[in-house]
């Protein structure tokens, strides 16, 4: 029995690269979609916010000397490309995706309209939110928190390369331990990096819990949705 009825899944663009240096790794995106399909078969309503770091990251070396707003808009367009690829893969897997963009590109994707997104979710379609919040200076983490609150998601699932929040960097400190559960205030006091400060504050203010887990662990998404001991739950 699923622990949640409606979830917001935050996928980084980098997660789509697999072992490649950039771009979208076909085998990786297919596997991710299979994991999402498993969750939808449980009757869970799924919305996705996708990043664009595998194509263009506004704060990366390629944007040195570039106007920050311009770089961020380029990053938003990168998320649209990822959303289209994700939607196409979902379509081939038998899911019914709907890509909604925060910036208007009507000939390619439909604009984000909250009532329409809610309707799609209730119909069992997977909604993919592209172009972040539509504003520069905000990350896709913040877009995930914002859209999660708007659609009434019960939890934001932040898919990362690490299987939760640790007391220290597990790659540098072998003694680092994973938290099963931790409060927003504890994360702040211990200076642990979960998501950017704006996104984190929004989730805390909206009492929207965040589960950090590894998208690279087979079956992890399903275990999270079933409420099993997977990843780290950040809560009030």
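Each reported figure results from applying straightforward, stated rules to the coordinates on display, with no laboratory input. Nothing here was measured: the structure is a model prediction, and the numbers come from that model. Counting neighbours? That spans all protein chains shown, and the Cβs are built from the backbone with ideal geometry, glycine included.
Points to keep in mind about this one:
- Considering only 201, 15, 220, the Gaussian network model of the chain with Cα springs below 10 Å gives its largest mean-square fluctuation to 201.
- Size of the chain: Rg and Dmax of its alpha carbons, in Å, are 16.7, 52.
- Ellipticity estimate at 222 nm from DSSP helix runs (n ≥ 4, -39,500 (n - 2.57)) divided over the chain, nearest 500: -10500 deg cm²/dmol
- Relative contact order for the chain, counting Cα pairs under 8 Å that sit 6 or more residues apart, in percent: 22 percent
- Note on residue 201 and residue 161: the model spin-label points, each 7 Å out from Cα along the C-beta direction, lie 2.8 nm apart.
- Overall size of segment 20-94 from C-alpha positions, given as principal axis extents largest first: 47, 25, 15 Å.
- Packing rank of 141-147, 164-170, 101-107, where each peptide gets the mean count of other beta carbons within 10 Å, highest leading: 141-147, 164-170, 101-107
- Inter-site label distance for residue 41 and residue 66 at 7 Å from Cα along Cβ, in nm: 4.0 nm
- Pairwise label distance in nanometres, residue 223 with residue 173, each label 7 Å out on the Cα-Cβ vector: 2.4 nm
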